[in-house]
Structures are given as C-alpha cells and as structure tokens.
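Quick notes on the structure that follows.
The values are calculated or read from the model by the stated rules, or taken from the named source; none is laboratory data. Computed from a predicted model, the values in this text were never measured in an experiment. As a convention, Cβ positions derive from the backbone with ideal geometry for all residues, glycine included, and neighbour counts pool all protein chains shown. Ligands, DNA and RNA are excluded from the accessible area calculation, which covers all protein heavy atoms including side chains. Shrake-Rupley method; radii C 1.70, N 1.55, O 1.52, S 1.80 Å.
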Amino acid sequence: ITLQFHSLSLPFRDFKSNFSNIGLGIGTEIGFNQKHTWVQQVSAVWYRNKAVGNGLLFYTQTAWRPGLGSGVFTEIKTGVGYLYAFRPVAALKQVNGGWETVGRKGKGLLAVPTGVSLGYQGSSATAFLFSPFMSYQFLILKGYNKSIPIVPETLFQVGSRMQFSDR
C-alpha cells in the first residue's frame, strides 16, 4: 500500500513539485529466493495531477533487495508497464478545416519505471509484519505524440509492505 506523489519532470529536478500531486497505489510481490533479495513486484497506481492530467499506471518490476543490517534494506528495481494518461482539459482535433472536441479521454502509453527504495523490515514473533519504505521512481513514457516521443515523469512513494508469516 503506498501514497504516490507524481511529477512531470526529470529525476531529481524540481523535487518539491513531487509533493503537490497525490495518488494511491496497491501491489504485491513474489520472492525468487528464500531471503526475498530478488522479487517480482506487480503494482497498480492512481494519481491526480491537475496540470498534466490524472493517470492510471499498471506495472511490474524486478527488484534486488540487499540488506544493510539491523533490518534496513534498499531496493534497485526496473520493469515495464502501461500508463493511461487522462487529459487535464478537453482536446481538439482538426476535421475538414475546422476543430472538433475529442473530450477529455486519455491515451495509453508504454511506461518503463526504474527506481530505488529504502525501507525497514523488523523481525516479529507475530504472524503479521509491517515493513515501511520510501521509493523514488523515474518513468520513461513512450507514445505521447510524434512531437514529444519520450516523456519523463517521477513518482515519490511512501508506503508499507504487509507480510504474513508462513508459520
């Protein structure tokens, strides 16, 4: 479960704009090994952005999660996804020398998310464990239009993984 903060920007540029456009995310992951240092993550995200339009993002990422000791971990991850970007205002198209509205419907784009995370996973004697984390994602979007073939976006994420013990 995550809170998302969206920005139309290059990585580490205009960092404060990341906190003006909020969204929500949910996902799951499957571990490739016993210690879950290699995982496959699948996520769905909705964000609100008044300036460039809201979005629905569905993606999967392969993550490497090395531990730093005392329950602290990092993640390096990359993957692929699909973003449905809604238009912030009604768009127009040219028809027979005039302009017609096409509404606010959006457009699907190929997304390539790459990110880094920092989190904490404590040990617990209970069957349920929260694992808080922060993540910074850079998304490359392809297919917006012919004039702008590649669009950079960033997501700052704050959330928690919830794990159930297999006891």
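Restricting to segment 40-51, what's the tally of residues that are buried (at least 17 other Cβ atoms within 10 Å of the Cβ) and either more than 16 Å from K77 (Cα to Cα) or at pLDDT below 95 (or both)?
3
Of the numbered conditions (1) under 13 Å from the mean Cα position of the chain (by Cα); (2) surrounded by fewer than 18 Cβ atoms within 10 Å (Cβ to Cβ), Y59 satisfies every one except a single condition; which is it?
Going through (1) under 13 Å from the mean Cα position of the chain (by Cα); (2) surrounded by fewer than 18 Cβ atoms within 10 Å (Cβ to Cβ) one by one, Y59 breaks only (2).
With the condition kept exactly as written, say whether any residue in segment 57-71 is out of contact with any His (no Cβ under 6 Å at 6 or more places or on another chain), closer than 22 Å to L141 by Cα, outside any strand (DSSP E or B) and modelled with pLDDT under 95.
Keep residues of segment 57-71 that are out of contact with any His (no Cβ under 6 Å at 6 or more places or on another chain), which gives 57-71.
After this cut, where a residue has to be closer than 22 Å to L141 by Cα as well, the list is 57-63.
Imposing the further condition that a residue be outside any strand (DSSP E or B) reduces the set to none.
Taking every residue of segment 57-71 in turn, none turns out to be out of contact with any His (no Cβ under 6 Å at 6 or more places or on another chain), closer than 22 Å to L141 by Cα, outside any strand (DSSP E or B) and modelled with pLDDT under 95.
If you take the residues in segment 135-150 that are at pLDDT 90 or above and surrounded by 14 or more Cβ atoms within 10 Å (Cβ to Cβ), which one is farthest from L118 (Cα to Cα)?
This residue is L141.
Given the condition among the acidic types (D, E), in contact (Cβ under 8 Å) with a residue 40 or more places away in the chain and at negative phi, answer yes or no: does some residue in segment 94-115 qualify? Let's see the steps before the verdict.
So in segment 94-115, the residues among the acidic types (D, E) come out as 100.
Filter once more, keeping what is in contact (Cβ under 8 Å) with a residue 40 or more places away in the chain: none.
No.
Can you name the residue in segment 68-110 that is hydroxyl-bearing (S, T, Y) and more than 23 Å from the chain's Cα centre (by Cα) and is also least open to solvent (accessible area, probe 1.4 Å) among such residues? Even if it seems obvious, please write down each step before you answer.
The first filter runs over segment 68-110 and keeps only residues hydroxyl-bearing (S, T, Y), leaving 70, 74, 78, 82, 84, 101.
Now restrict to residues that are more than 23 Å from the chain's Cα centre (by Cα): 70, 101.
Values: S70: 112, T101: 94 Å².
Among residues in segment 68-110 that are hydroxyl-bearing (S, T, Y) and more than 23 Å from the chain's Cα centre (by Cα), the one least open to solvent (accessible area, probe 1.4 Å) is T101.
For segment 113-122, indicate whether the set of residues that are under 19 Å from W46 (Cβ atoms), assigned to a strand (DSSP E or B) and either within 21 Å of the chain's Cα centre (by Cα) or not aliphatic (A, V, I, L, M) (or both) is non-empty. Break it down into steps so the answer makes sense when it comes.
So the first thing to find is which residues in segment 113-122 are under 19 Å from W46 (Cβ atoms), and the list is 113, 115.
Filter once more, keeping what is assigned to a strand (DSSP E or B): 113, 115.
From the residues that got through so far, the ones that are either within 21 Å of the chain's Cα centre (by Cα) or not aliphatic (A, V, I, L, M) (or both) too are 113, 115.
Within segment 113-122, one or more residues are under 19 Å from W46 (Cβ atoms), assigned to a strand (DSSP E or B) and either within 21 Å of the chain's Cα centre (by Cα) or not aliphatic (A, V, I, L, M) (or both).
Using beta carbons and a limit of 8 Å, which pairs, at least six apart or on different chains, have the first residue in segment 127-147 and touching a residue at least 12 places away in the same chain (Cβ under 8 Å) and the second one outside any strand (DSSP E or B) and of a type in the set (G, A, S)?
If the second residue must be outside any strand (DSSP E or B) and of a type in the set (G, A, S), the pairs left are A127/S165; F128/S165; L129/G122; L129/S165; S131/G122.
Taking the residues in segment 17-39 that are farther than 27 Å from G122 by Cβ and surrounded by 15 or more Cβ atoms within 10 Å (Cβ to Cβ) as candidates, determine which candidate is farthest from the chain's Cα centre (by Cα).
Selected residue: S17.
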